[in-house]
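One structure is given below, encoded as structure tokens.
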Amino acid sequence: MALLDILEFPDPRLRNKAAPVTVFDAALGRFIDDMLETMYDAPGIGLAATQVNVHRRIVVIDVSEDHSDPRVFINPEYNVLDEETAEHDEGCLSVPGFYETVVRPRHIRVTAMDRKGDSFTLEPQGLLAVCVQHERDHLEGKLFVDYLSSLKRTRIRIKLEKQHRLRA
């Protein structure tokens, strides 16, 4: 397995829309394993392929405390089951060091495929529902900062650009 480089906001490649996965082979399995290793190392609870500059519709998530429940969502789509929303402080591996409150639906139904290409349906609530929505946004080229005011988004962009210049 290998650690992958995570793109950081405001990198324009984070705005690319991901293409559906159509081939379920050993290379896909290795890539998924690399994504999981990268997510755990970061450390994070979710990672979309777009964040590692692979523009395919793949998401990995593990909201367990001990990394015992890795989940893979390929070509995920979701529907809102309950219009009730909740506020969550969200962070993002592509927006390191920032946490902001985002309002999202509490209860969704997600359909996706696993690493073998088998379809499944899940009705997550709470943190898993938030994480699925957050990571699915990445596949559409959307970041959690897009839910913030333009002032907050600009402040975050400027701080991260400064950090990038200092590292260069």
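The values are calculated or read from the model by the stated rules, or taken from the named source; none is laboratory data. These figures come from a predicted structure and were not determined experimentally. Note that each Cβ is placed from the backbone with ideal geometry, even for glycine, and that neighbours are counted across all protein chains shown. Areas reflect the complete protein model, heavy atoms only, side chains present, ligands, DNA and RNA absent. Shrake-Rupley method; radii C 1.70, N 1.55, O 1.52, S 1.80 Å.
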**Q.** Residues of the stretch 79-111 with amide N under 12 Å of the 7 Å Cα→Cβ point at GLU123
**A.** 81-82, 107-110
Q: Mind putting a number on the dipole of the stretch 1-143 about its Cα centre? Charges go on the C-beta only, +1 for Lys and Arg and -1 for Asp and Glu, and I need it in Debye to the nearest 20.
A: 660 debye
Q. Using a Förster distance of 22 Å, how high is the FRET efficiency between ALA168 and ASP146, based on the Cβ-Cβ distance and rounded to 0.05?
A. 0.30
Q | Over the chain: helical MRE at 222 nm, DSSP H runs n ≥ 4 each giving -39500 (n - 2.57), nearest 500 | A | -9500 deg cm²/dmol
Q. What lysines could a cross-link reach from LYS162, if we take a straight Cα to Cα line under 18 Å and drop same-chain neighbours fewer than 8 places away?
A. LYS152
Q: Kindly report the accessible area of the chain per residue (heavy atoms of protein chains, probe 1.4 Å, no ligands, DNA or RNA), in Å².
A: 52 Å²
**Q.** Ordering of 56-68, 109-121 by burial proxy (mean other Cβ atoms within 10 Å per residue, highest first)
**A.** 56-68, 109-121
(Q) Using the crude model of +1 on Lys and Arg Cβ and -1 on Asp and Glu Cβ, and no other charge, please compute the dipole size for the stretch 1-61 relative to its Cα centre, in debye to 20. (A) 380 debye
Q: Report THR101's accessible area, 1.4 Å probe, all protein chains in place, as a number in Å² to the nearest 10.
A: 70 Å²
Q) Any idea how far the Cα center of the stretch 27-72 sits from the one of the stretch 97-158, in Å? A) 14 Å
Q) Per the 1.4 Å probe, what fraction of the accessible area of the stretch 47-126, in percent, lies on carbon and sulfur atoms? A) 42 percent
**Q.** Computed lengthening from VAL23 to ASP69, 0.36 nm per intervening residue step minus Cα-Cα distance
**A.** 14.1 nm
Q.
To make sure I understand the rule: partners must be lysines, Cα under 18 Å from the Cα of LYS17, and not fewer than 8 residues away in the same chain. Which ones qualify?
A. LYS142
